[in-house]
Amino acid sequence: MRSERVTLAGDPAALVAELRALVPPPESVSAAVAEIISRVRAEGDAGVAHYTRLLDTDGAEPKPLRVGDDELDAAAGRLDPAVRRGLERAITNVEAVAVARAHREQTSVDLGSHVVRLGSAPVARAGVYVPGGRAPYPSTVVMGVVPARVAGVREVAVCAPPGPHGEVNSVILGACRLAGASTIYRMGGAQAVAALAYGTESVPPVDVIVGPGNLYVQEAKRQVFGQVGIDGFAGPSDLLLIADGGVDAEPLVLDLLAQAEHGPGTLVVGVSDSAELLDALAAGLQKGADTGAVARLVEVRSAEEALALAEAFAPEHLQLVGAGAEALAPRATRAGCVFVGPLSGTAFGDYIAGSNHVLPTGGAARFASALSPEHFLRGVTEVRIAEAAELAREAAPVARAEGFELHARSMEARIRDNHSK
């Protein structure tokens, strides 16, 4: 994989713009996705089946959308023991982290005349999209299902595209059983997103849809947003690595190449104030396969410049290696996940560390966060008024100024109720 070196010599935002421009904007699929959504919304199961035949099973008649419990049990039983152990460990770790992040305790605000309690409640039903195009992703099952379950979601539905024989990959099904998914559907693409959002004869509608997927899947999520909540728009992967001179380059090359494995659209960037380290990274990258990903190596003058670049870039993955780079960790505030230290390769986060691998991409770490129980929780506000007279007297004039007479009278009625006691 070819890489080119650039030097940060000015505004980090300008360099970020240049780096982002290296990945061309994807072809618009808005009209095609809108057509798929419209047909599924109108035809239900038949619409999903039409696109499953067209896009997934090479024309073969699709099997029932819903995967049976016996199939799930059989798939879990067929898992390779090593794969099963890894999934079970991932489930344990992701669940532990998700529990730690699920802040369920209520907060009370005492305003004298009344108390407002702020709490949260899970959505009733969530949908987790698991890609299946280039390869099966049982790890995505874990990353989506476990936080939803920890949040208290009653029904967690997973959908994954069937292959040419009409089956969802057995490892995905086994992971669904282990992670605790409620229902699994044999459907993928924009048609699956439409079915989850609007419901069909076989698929009850959900409240939130999360998970990565191809451009059609992400555009469908964008178009159904408002009908349901979504976690965000998951674009191609990216990694920004900051490393000191003198660190071992070999594992860092592998870290960059590992993210590049995600293929076209992926952007991997190595940053250092050491020309020697950048030379070593360049030599290692040169030996890697050409996956269609884009690599760049950036020479900076200091750790401060490197941090400024990282904050402007807002990477999906930020990796810090070496004493100087690792010292930046407390100040790195705009990254999907930060990996600190020579042993903390980003691949651990993709599978088993306990952090979530559904992360904001394309610079969205400026405003978005990793998938967590919070994506499945909604705020609930509780109001308990003990003394209404003063509130009513102060608020009724405001209501009348807005033309809402009955709002004013509704509040004033509580004054009479108080007098009558």
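Let's test this: bin the Cα-Cα distances of the stretch 297-352 at 10 Å from zero up to the farthest pair and state each bin's percent.
Taking all Cα pairs of the stretch 297-352, the binned fractions are 24, 58, 18, 1 percent.
Could you give me the radius of gyration and the Dmax of the stretch 120-240, taking only the C-alpha atoms into account and expressing both in angstrom?
13.3, 45
Output the 0 to 90 degree angle, nearest 10, between the alpha-carbon long axis of helix 170-179 and the longest principal axis computed from the alpha carbons of the chain.
50
With point charges of +1 on the Cβ of Lys and Arg and -1 on the Cβ of Asp and Glu, referenced to the Cα centre of the chain, which listed residue (Ala353, Leu111, Gly152) lies farthest in the positive direction of the dipole?
Most positive-ward Cα: Leu111.
Which parts of the stretch 367-386 would a label at Val109 reach, counting a residue when its backbone N lies under 19 Å from a point 7 Å out along Cα-to-Cβ?
Counting only backbone N, you get 378-386.
If you keep only loop residues by DSSP, which chymotrypsin sites (Phe, Trp or Tyr not before Pro) in the stretch 363-413 have at most 10 other Cβ atoms within 10 Å of their Cβ?
Working: sites: Phe367, Phe376, Phe404; in loops: Phe367, Phe404.
Listed in order of number, the matching sites are Phe367.
Ignoring the sites themselves, what is the longest stretch of the chain with no GluC sites (Glu not before Pro) in a DSSP loop and at most 10 other beta-carbon atoms within 10 Å?
Values: sites that count: Glu27, Glu105, Glu402.
Result for the longest clean stretch: 106-401.
For the stretch 1-53, which trypsin sites (Lys or Arg not before Pro) are in a loop by DSSP, counting at most 16 other Cβ atoms within 10 Å? Intermediate results must be reported in sequence, preceding the final value.
On the way: sites: Arg2, Arg5, Arg20, Arg39, Arg41, Arg53; in loops: Arg2.
Filter output for the stretch 1-53: Arg2.
Report the gain in length on full extension from Asp11 to Ala329: 0.36 nm times residue separation, minus Cα-Cα distance, nm rounded to one decimal.
Computed gain between Asp11 and Ala329 is 112.3 nm.
Could you tell me the largest-minus-smallest coordinate of the C-alpha atoms of the stretch 297-410 on each of the three principal axes, in descending order and whole angstroms?
67, 34, 25
In vacuo Debye scattering of the stretch 170-273, one point per C-alpha: log10 I(q)/I(0) at q = 0.10, 0.13, 0.14 Å⁻¹?
Each listed q maps to, in turn, -0.45, -0.66, -0.73.
Tell me the label-point distance for the pair Thr381, Asp73, using the 7 Å Cα-to-Cβ offset, in nm and rounded to one decimal.
Once both label points are built, they end up 4.8 nm from each other.
Under the Kirkwood approximation for Rh and a Cα-based Rg, what ratio Rg/Rh is obtained for the stretch 225-346?
Values: Rg = 14.6 Å, Rh = 14.6 Å.
When Rh is taken as the Kirkwood radius, the ratio is 1.00.
Run lengths n ≥ 4 of DSSP H only: what is the helix-derived mean residue ellipticity at 222 nm for the chain, with -39500 (n - 2.57) per run over all residues, to the nearest 500? Numbers along the way, then the final one.
Details: 16 runs with 184 residues, N = 421.
Calculated at 222 nm, the ellipticity per residue is -13500 deg cm²/dmol.
Return the whole-Å distance between the Cα centroid of the stretch 355-373 and the Cα centroid of the stretch 1-70.
Measuring centre to centre over Cα atoms gives 18 Å.
Only four residue types carry charge here, +1 at the Cβ of Lys and Arg and -1 at the Cβ of Asp and Glu. Report the dipole size of the stretch 256-380 about the Cα centre in Debye, rounded to the nearest 20.
Values: 7 positive and 13 negative charges, 77 e Å.
It works out to roughly 380 debye.
Once the convex hull of the C-alpha atoms of the stretch 220-263 is built, how many Å³ does it hold per residue, rounded to a whole number?
In the stretch 220-263, the Cα convex hull volume per residue is 85 Å³.
State to the nearest 20 debye the size of the charge dipole of the chain about its Cα centre, where the only charges are +1 on K and R beta carbons and -1 on D and E beta carbons.
Working: 37 positive and 51 negative charges, 241 e Å.
So the magnitude is around 1160 debye.
Where does each of Cys337, Cys176 land when they are ordered by accessible area, with a 1.4 Å probe and the largest first? Mind showing how you got there, number by number?
On the way: Cys337 25, Cys176 0 Å².
Largest to smallest exposure gives the sequence Cys337, Cys176.
Which value in nm describes the separation of the simple spin-label points at Asp80 and Arg222, placed 7 Å from the Cα toward the beta carbon?
Label at Asp80, label at Arg222, 3.7 nm between them.
Over all distinct alpha-carbon pairs, what is the Kirkwood Rh of the stretch 338-377 in angstrom?
On the way: mean 1/r = 0.0884 Å⁻¹.
About 11.3 Å, per the Kirkwood formula over Cα pairs.
Work the Kirkwood hydrodynamic radius out for the chain: mean of 1/r over every pair of different alpha-carbon atoms, inverted, in Å.
The answer is 23.9 Å.
The values are calculated or read from the model by the stated rules, or taken from the named source; none is laboratory data. The model shown is predicted, which means the values in this text are computed figures rather than measured ones. Because the Cβ atoms are built from the backbone with ideal geometry, glycine has one as well, and the counts that use them run over all protein chains shown. Surface areas here come from the heavy atoms of the whole protein model, side chains and all, with no ligands, DNA or RNA. Shrake-Rupley method; radii C 1.70, N 1.55, O 1.52, S 1.80 Å.
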